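Heads up, the thing below is written out as structure tokens.
Taken together, the values in this text are just the output of simple stated rules run on the coordinates, not laboratory data. Everything quoted here is computed from the prediction, not taken from an experiment. So basically every Cβ, Gly included, is an ideal-geometry build from the backbone, and we count neighbours across all protein chains shown.
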Amino acid sequence: MRKIIILSLVSFLSACSALDQASKLFPPEQSLATKMLPLESFKELKALPKPKGAIPVSVYAYRDQTGQYKPQANVSSFSTAVTQGGTSILMQALSDSDWFLPVEREGLQNVLTERKITRAANQANKATEHIELPPLTTAKILLEGGIISYDSNTKTGGFGAEYFGIGASELYREDQITVYLRAVDVRTGQVLVSVSTNKKVLSQELRAGLFRYVSFKRLAEIEGGFSENEPMHVCVQQAIEKAITELVMKGIERKVWRAET
């Protein structure tokens, strides 16, 4: 019996092709919230040449335009296949870059409401000097676009083997998400630069098991496995950050804006 268990473990570890994969068989411990680490696309964004000055840009909406839904696990309902926070991701990437100075437009009504409250408070408080609010920052560039495509099962495959009741298998699936981003001159409405990027979303599953009669009416069965899925919002973030990088480089090439010399 001990030899059978050892053989099944060896078969599983060889299918994993790495010893550290065995730790994924056990449930992880609870952890505290952590800061998201910079992605490779973010490092490319920060590695861009320095601009002459930050360009004020506005984003009214950067939404999911795929219209796709997917069923939720163990629930008889559907949820959107792509994150609905594209505007927030784009604004964060623009804020982290040195090239653009984003101004709030998605929540513009909230900003205007707060300015009215501030004016009313200044007028009501006669003990303090009346302070006039500065005008809102105007944008020179309007960024438009969105998440335009989410293609499922663009590539699937796997491999499995079984011998004498001991087997292992590995399956994978690739999806693809595509985003578009364009810079529009607010004075003329002319589209200055337009780019598109895509990101593959990888999902994989690994299983191994043992099924064998060790004696009369005695059955030994061992099964283990794990699956990994790339988070959708992280893939969207990588695609958007890559789009900003390509937008800047294409704008420099077309002399729409200039880098610091």
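Go ahead and estimate [θ] at 222 nm for the chain from helices alone: -39,500 (n - 2.57) per DSSP H run with n ≥ 4, summed, over the residue count, rounded to 500.
On the way: 5 runs with 72 residues, N = 261.
The helix-only estimate for the chain comes to -9000 deg cm²/dmol at 222 nm.
The mean sequence distance of close C-alpha pairs (under 8 Å, at least 6 residues apart), as a share of the length of the chain, puts its relative contact order at 22 percent.
The alpha-carbon atoms of the chain, seen along their principal axes, cover 93, 50, 35 angstrom, with the largest extent given first.
Using r as the Cβ-Cβ distance of Lys35 and Ser79, and R0 as 35 Å, what FRET efficiency do you calculate, to the nearest 0.05?
0.85
When a/c is below 1.5 the answer is rounded, else prolate if a/b is larger than b/c, else oblate, so apply that to the stretch 30-69 with a ≥ b ≥ c taken from the square roots of the Cα gyration tensor eigenvalues.
Details: a/c = 2.25, a/b = 1.14, b/c = 1.98.
Note, shape of the stretch 30-69 comes out oblate.
With 0.36 nm allotted per residue and the present C-alpha distance subtracted, the Met249-Leu202 stretch has 14.1 nm of extension available.
Enter the Cα centre distance for the pair the stretch 110-180 and the stretch 24-57, rounded to the nearest angstrom. Computed from Cα coordinates, the inter-centre distance equals 14 Å.
Approximating the spin labels as points 7 Å out from Cα along Cα→Cβ, the Ile148-to-Ala124 distance works out to 4.9 nm. Backbone amide hydrogens, once placed in the peptide plane, bring Arg105 within less than 5 Å of Val59, excluding anything fewer than 5 places away on its chain.
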